[in-house]
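Report on the following structure.
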Amino acid sequence: MDETATPEAATRLRRSDTAPARPGLDTPLDAEAFAELTGRIVASVSRVIDGKPDAVRSALIALLAEGHLLIEDVPGVGKTMLARALAATVDADVRRIQFTPDLLPGDITGVAVFNPVQRQFEFTPGAVFANIVIADEINRSSPKTQSSLLEAMEERQVTVDGRTHVLPSPFLVVATQNPLEMEGTYALPEAQRDRFLLRVSMGYPDAAAEALMLRQRDTVNPLDGLSPVVTARQVTAMIAWARSVHIAPALEEYVVALAQATRSHPDIRLGASPRATLQLVRAAKVRAALDARAYVIPDDITALLSPVFAHRLIANRSAAGGRAGAVVVADALERIAASVRVPLASRT
């Protein structure tokens, strides 16, 4: 078990409380302040993640939509670097958990320890008690350990020995995982995948970005130069502002129609859940806010359809025909997006 998984040795990066005031800290947030703060986050993370603007944007959407982010790709393409870079931009509590086969649920949620002086059990918080939790290589631990995050990710609390403990706010889990074909991996259960707002892949960098990485990172770790650009309080204000973005009833019905189409599609055995429908709306609102709009348009929904839905769907084996299940799901989502009528939504 990695030592960072224990409560005592978990990486806890508490930022200074004496940082200078920034826009949005003591005044009501508006569209201009929202754009300035999100621009700071994107610029800071992009200093570390070269040539991956879509991945950086997805991470920001997960943070501001109060969801969780699953980054799936082969080793060495920057999954953990993206998670750590996002965490470094926020002045909040950050903990990293290295998931391994011998990691125990109590290392994540916490345990009750007997105090011989008080003659009673006292709760010792686990590594999940932070604003941002980096779950590195989450699918290298057993399903029992993976399931310890279920309550935390959905209800933002943990229950140990019958007592409930509330997690801090904001709360974000950024998990990385290797493809299932890799040795020593355990597939995430359906309930676990459904709790992630987005699943993204980093992909290999292009030749220019990889050459630049060699020149810049041979002797210097780019994470060392990052410092917080927003506070947890500002993140909370941005979350509230994004929630206020307007979505027309016709677009809400459009989202529902897309979800229902996945449940009746002949190539899909398990369709999108109502949680997925809700999270697609929340993610679309954040995407609209990032584009300096106070209203959602159909493009916000269609652009996020695959990142929000694909990892939740399970393909029918009979429909695979030798193809991978992910390919079947991707094809089905393309056909669904093309077949469901897109409404003409009003801005008011």
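The values are calculated or read from the model by the stated rules, or taken from the named source; none is laboratory data. Keep in mind it's a predicted model, so treat the numbers as computed, not measured. Virtual Cβ from ideal backbone geometry, glycine too; neighbours counted across all protein chains shown. What goes into the accessible areas is simple: the full protein's heavy atoms, side chains included, and nothing from ligands, DNA or RNA. Shrake-Rupley method; radii C 1.70, N 1.55, O 1.52, S 1.80 Å.
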Sulfur and carbon atoms: percent of accessible area, segment 115-188 [1.4 Å]: 48
Percentage relative contact order, segment 140-272, counting C-alpha pairs under 8 Å, at least six apart: 19
Candidates VAL173, VAL327, VAL308, ranked by Gaussian network fluctuation over the chain, Cα under 10 Å, top entry: VAL327
Fluctuation leader among ARG95, ARG217, ARG263 - the chain, Gaussian network, Cα springs under 10 angstrom: ARG217
Cα centroid of segment 109-139 to Cα centroid of segment 264-314, whole Å: 34
Approximate shape of segment 248-348 as ellipsoid semi-axes (Cα gyration tensor, √5λ), whole Å, largest first: 26, 13, 11
Residue-normalised accessible area of segment 128-202, expressed per residue, 1.4 Å probe, Å²: 39
Packing rank of 110-119, 201-210, 65-74, where each peptide gets the mean count of other beta carbons within 10 Å, highest leading: 65-74, 201-210, 110-119
Gain on full stretching of the segment that runs from VAL166 to ASP30 - 0.36 nm per residue minus C-alpha separation: 46.0 nm
Label corresponding to Rg and Dmax of the Cα atoms in Å when calculated from the structure given, among (i) 20.6, 68; (ii) 25.3, 116; (iii) 25.7, 94: (i)
Options GLY51, ALA209, PRO274, ranked by Cα towards positive dipole end of the chain, top entry (Cβ charges): PRO274
Per-pair calculated FRET efficiency, R0 = 25 Å: LEU223 and ALA303 via Cβ, rounded to 0.05: 0.30
Distance histogram in 10 Å bins (all Cα pairs of segment 77-155, percent per bin): 17, 42, 30, 10, 2, 0
Length gained when the stretch LEU270-SER142 is fully extended (0.36 nm per residue, less Cα-Cα span): 43.8 nm
Rounded FRET efficiency, nearest 0.05, which uses the C-beta distance separating GLU155 from THR236 and R0 of 22 Å: 0.75
Sites ASN316 and GLN118 - FRET efficiency at Förster radius 56 Å, r taken between beta-carbons, to 0.05: 0.45
GNM result for the chain, Cα springs below 10 Å: residue of ALA292, ALA232, ALA127 fluctuating most strongly: ALA292
Dipole magnitude of the chain about its Cα centre (Cβ charges: Lys, Arg +1; Asp, Glu -1), debye to nearest 20: 540
